[in-house]
1. Quick one: would you say ASP65 is more than 42 Å from the chain's Cα centre (by Cα) and open to solvent by less than 100 Å² (accessible area, probe 1.4 Å)?
2. Do we have ARG42 as among the charged types (D, E, K, R) and at pLDDT 90 or above here?
3. I'd like to check something: does segment 119-130 contain any residue that is open to solvent by 90 Å² or more (accessible area, probe 1.4 Å) and over 30 Å from ASP145 (Cβ atoms)?
4. Would you tally the residues in segment 1-25 being open to solvent by less than 80 Å² (accessible area, probe 1.4 Å) and in a helix (DSSP H, G or I)?
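The values are calculated or read from the model by the stated rules, or taken from the named source; none is laboratory data. Given the structure is predicted, the values throughout are model-derived calculations rather than measurements. Note that we place each Cβ from the backbone using ideal geometry, even for glycine, and neighbour counts take in every protein chain shown. Surface areas here come from the heavy atoms of the whole protein model, side chains and all, with no ligands, DNA or RNA. Shrake-Rupley method; radii C 1.70, N 1.55, O 1.52, S 1.80 Å.
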Amino acid sequence: MSLLISLGVNQTLGMQLGIFLAVFIVLKYFLFGPYFEAFKKRAESTVGQAELAERYIAETKDLEDQFAMKAQVANERYRSVYDQTRAEALKEYDKMVSAARATSKVVVDGARQQIQTDMQAAQAQLTKEIPDVAKIINQKLLGKDLST
């Protein structure tokens with residue numbers, strides 16, 4: 001007992017303990033209880049929201065990967081269609097150019113043949129007219145008619 005007295009414990013200890021218990025009970029039901037319940041709800045909603053956000057992020061990542069794969073497949077299909085169409089267009093172009101070249105060759109050959117024929121006809125006609133032209137030139141130069 002002397003130890004308790006040396007520590008400062010006396011007959012007011014019971015009153016102090018009663019006051020402490022009364023204040024603790026009042027604070028527990030009116031302050032600590034609602035505070036811890038609100039804290040628990042907030043923690044649940046925060047942790048739940050964080051987990052939900054993580055789940056949404058993971059779903060978004062999966063959807064992004066799926067979209068990237070679908071875009072790559074679409075690009076490959078587009079590229080194959082483009083290459084095929086381009087190859088067909090080049091074949092058609094080559095056919096058209098070849099046909100145009102053949103047609104132009106026929107036209108040019110025909111024109112050359114026609115020119116050759118016209119030149120030969122002109123030479124034949126000029127050959128026929130040479131004596132008459134020579135006679136006319138001589139008459140003009142000499143001033144008299146040489147055919148008599």
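1. no
2. Working: among the charged types (D, E, K, R): yes; at pLDDT 90 or above: no.
It is false that ARG42 is among the charged types (D, E, K, R) and at pLDDT 90 or above.
3. Among the residues of segment 119-130, at least one is open to solvent by 90 Å² or more (accessible area, probe 1.4 Å) and over 30 Å from ASP145 (Cβ atoms), which makes the answer yes.
4. 4
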